[in-house]
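Below: the structure, in structure tokens.
The values are calculated or read from the model by the stated rules, or taken from the named source; none is laboratory data. Predicted, not measured: the structure shown is a model, and the values here were computed from it. All Cβ positions, even for glycine, are placed from backbone atoms using ideal geometry, and neighbour counts span all protein chains on display.
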Amino acid sequence: MARSVPPLRQPAEMSLHRSEGLVIVGAGLAGASAACVLAREGLSALLLERDPEPKHKVCGEFLSIEAQTYLAHLGLDLDHLGASRISRLRLHHRGKQAEAPLPFTARGLSRRVLDEALLEKTMSLGARIERGVTVRSIDTDETANLIDAGPFGTIRAETLFLASGKHDVRGAKRPMAGSINDLIGFKLHYRLAEEQRVALADVIEIILFEDGYAGLQLIEDGIANLCLVVAQNRFERAGKSWNSLIEEIAGECPSGANRLRDALPLWDKPLSIFQIPYGFIHQPQPTEPPGLFRLGDQMGVIPSFTGEGMSMALHSGFLAASSLLRQGRGSTAFHKQMASDIERQVRLAFVLNKAARFGPGQTMLFHLCRSWPSLMQQVAAFTRLREASLQRALALP
């Protein structure tokens, strides 16, 4: 059974101005993992988290073997947290399916449980965490980063780890040119009928439908997570209605939609996020100010069907911490190494994402996978972080 982690403390006394050696904006996987690593080495950070209490996030909640490696190094016990086990991939397309074993045993765990467990670990190591603080803007120069944290005050930070996830901050926005940004992501948890829960056990299912795809898997407590990505114009054709979209997908791909028969949605409506910049990779510029490190989705965004987003976020946290400890506040070397570590995977996933969105590409991809099941294993392997990249991030001075 998953633990119930109590909310962390709310912001302390407001201040008009303060100076900090290191501030981390965003206490998700990237920011919290970096804070954990640095705290173990005796370097305390101030984490600013916009959500005042534990919250679900739009995410596939699939933990690859690389993500598990990082979490194990942080001392998190996924069995204790109730994570499911996933060893097979099942692909659905227009009433047909193909299946293959994964090249590793994955785990499924909700971000609400995982993020809070990681924050609890961070706090136990001595990091300071302030919740309910929204960073409005960032101004950078050669010597420091000036952070406008609204009512919480203005903070002058010598070093800033920007780990705000998919939310851009004014003054440090990501360039979206070349990325896919017409997509909407949805997420909803379900309590499945017993027959369907048994059929989904140990499997992650990918459902291909026109202009999008969905992933369905079990997480803790036998709950099923449905994470769906769809083109904005397809959602508009469905009347901007979640129920209508699900009905259309069920008619288009009944074998995959069967899992939701008699299922109980656990929330009144799905979570959603707009304009996901799939394919984005931050490229450092000669004029880039030192002391600003981009982590997680602020560094690169891989299409969600690969299941590698969480491991890349954790990787960026470990690598940024290691870079700061080894080389100081010069962030260019970190950005170059991080781009090198993820570029192959993001580019491949970007191409596959385009194919997986539209009818002809979906049909070709499905038939290739059905005729050659090992192709699914190879795609899963090629979109993973390399072992050398993991070892580099894990190696501390």
Please return the ranges of helices (runs of 4 or more DSSP H) entirely within the stretch 224-331 where 3 or more residues are more than 22 Å from Leu183 (Cα to Cα) and not aliphatic (A, V, I, L, M). 309-327
Go through the residues of the stretch 164-180 one by one and say whether even a single one is in a strand (DSSP E or B) and either out of contact with any Ser or Thr (no Cβ under 7 Å at 6 or more places or on another chain) or among the small types (Gly, Ala, Ser) (or both). yes
Residue that is surrounded by fewer than 16 Cβ atoms within 10 Å (Cβ to Cβ) and either in contact (Cβ under 8 Å) with a residue 12 or more places away in the chain or hydroxyl-bearing (Ser, Thr, Tyr) (or both), where the choices are Leu260, Leu266: Leu266
How about the stretch 146-177: which of its residues are in contact (Cβ under 8 Å) with a residue 60 or more places away in the chain and among the small types (Gly, Ala, Ser)? Ala149, Gly153, Ala157, Ala163, Ser164, Gly165, Ala172
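Restricting to the stretch 90-136, give me the number of residues that are of a type in the set (A, V, I, L, M, F, W, C) and part of a loop (DSSP other than H, G, I, E, B).
Number satisfying all stated conditions: 5.
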Exactly one of Ala381, Ala356 is of a type outside the set (S, T, N, Q) and either modelled with pLDDT of 90 or more or loosely packed, with under 15 Cβ neighbours inside 10 Å (or both), and that residue is Ala381
